[in-house]
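Some notes on the structure that comes next.
The values are calculated or read from the model by the stated rules, or taken from the named source; none is laboratory data. The structure displayed is predicted, hence computed values, not measured ones. As a convention, Cβ positions derive from the backbone with ideal geometry for all residues, glycine included, and neighbour counts pool all protein chains shown.
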Amino acid sequence: MTATYASFDGSAIDWAKGDGLVPAIAQDARSLRVLMLGYVSKESLAATLSTGLVTFFSRSKQRLWQKGESSGNVLRLHEIKLDCDNDTLLMLVQPDGPTCHLGTKSCFGDKGEASLSVLADLAATIHMRHLLPEPSSYTAKLFEEGLPRIAQKVGEEAVETVIAATTKSPALAGEAADLLYHLLVLLEATDTDWMDVAKILHERAMAKKKK
C-alpha cells in the first residue's frame with residue numbers, strides 16, 4: 001500500500017476547541033479494525049507527518065509520545081483524514097505488532113462478532129507462511145507445490161462452491177470459505193495485493209453511484 005499522508009493539509013484543524021488537542025482514531029488500513037484512540041497536538045502531528053510514525057500527546061506524561069517507542073509496536077501512517085467538524089482525526093495505519101499494551105490487536109479487544117477484518121488477518125497470515133514457511137503448514141505446502149497447483153485448487157474449490165449453491169447444500173458457507181482462502185493464496189503467489197482487488201470493487205461501486 002502506498003502512503004498518501006504527505007498531501008494532508010492540517011490548516012483547517014480546530015485546535016482551540018480542545019485546548020490545543022484533538023482526538024485521533026487509529027484504524028488499521030487493511031482490516032479497518034479500530035485500534036485505539038489518542039490525542040494529538042500541533043507538535044505531535046508535525047512529528048507524525050515528518051516521520052510517518054504515529055505520535056500522540058500523552059496527557060498523563062504531558063509530552064509527545066510515539067506509539068511503540070518502548071515496545072516497538074509502532075503505527076506506520078498510511079493516510080490521515082479530518083472530520084466534518086474539523087476537530088477529530090482519523091489515522092489509517094499499518095500496525096507493527098499488537099496495538100494494546102495487553103497484547104491484543106486493538107485496545108478495544110479482539111473478541112466480538114466476525115467481520116471482514118478476518119480476510120485481512122488471513123491474508124497477513126498467508127503472507128507470513130509464504131515468507132517464513134513452516135513444515136506443518138498446509139499454506140506453505142501449497143506455495144512449495146507452485147502456482148499451477150494453487151490455481152488448480154482455486155478451480156476445484158470454485159466448482160465445489162457452485163455445486164453446493166445449486167444443490168442448496170448447507171455446506172455452501174464452508175465451501176465459500178475454502179474458495180476465499182485459496183483465492184487469497186493465489187493472490188499472494190502472484191504478488192497481487194488483495195487491497196488492489198478491494199480498490200477496484202470500491203471504484204466500481206463509486207462509478208455506479210454516479211450513474
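Of the residues making up segment 85-109, those that are of a type in the set (Asp, Glu) and under 19 Å from residue 44 (Cα atoms) number 1. Hey, can you tell me all the residues within segment 28-58 that are of a type outside the set (Ser, Thr, Tyr) and touching a Gly at 6+ places or on another chain (Cβ under 9 Å)? Once the filter is applied, which keeps residues that are of a type outside the set (Ser, Thr, Tyr) and touching a Gly at 6+ places or on another chain (Cβ under 9 Å), segment 28-58 yields 42, 45, 46, 49, 53, 54, 56, 57.
A single entry from 109, 72, 18 fulfils the requirement of being farther than 24 Å from residue 193 by Cβ, exposed (fewer than 15 other Cβ atoms within 10 Å of the Cβ), of a type outside the set (Phe, Trp, Tyr) and in contact (Cβ under 8 Å) with a residue 24 or more places away in the chain: 72. Look at segment 198-211: where a residue is under 18 Å from residue 183 (Cβ atoms), no partner that is among the basic types (Lys, Arg) and exposed (fewer than 10 other Cβ atoms within 10 Å of the Cβ) sits 6+ places away or on another chain with Cβ atoms under 8 Å.
Scanning segment 150-176 for residues that are exposed (fewer than 14 other Cβ atoms within 10 Å of the Cβ) and either under 24 Å from residue 31 (Cα atoms) or basic (Lys, Arg) (or both) yields 168, 173, 174. When segment 98-132 is examined, which residues are found to be modelled with pLDDT under 90, in a helix (DSSP H, G or I) and charged (D, E, K, R)? Once the filter is applied, which keeps residues that are modelled with pLDDT under 90, in a helix (DSSP H, G or I) and charged (D, E, K, R), segment 98-132 yields only 121. Would you confirm, using the coordinates I've provided, whether residue 81 is among the basic types (Lys, Arg) and either closer than 30 Å to residue 200 by Cβ or within 20 Å of the chain's Cα centre (by Cα) (or both)? In short, yes. For residue 64, indicate whether it is in contact with a helix residue (DSSP H, G or I) (Cβ under 8 Å, 6 or more places away or on another chain) and either small (Gly, Ala, Ser) or surrounded by 13 or more Cβ atoms within 10 Å (Cβ to Cβ) (or both). Here the answer is yes, as residue 64 does meet what is asked. Taking segment 75-85 as the range and being out of contact with any Ser or Thr (no Cβ under 9 Å at 6 or more places or on another chain) and surrounded by 15 or more Cβ atoms within 10 Å (Cβ to Cβ) as the test, only 76 passes. Restricting attention to segment 125-149, the residues being among the small types (Gly, Ala, Ser) and surrounded by 12 or more Cβ atoms within 10 Å (Cβ to Cβ) number 2.
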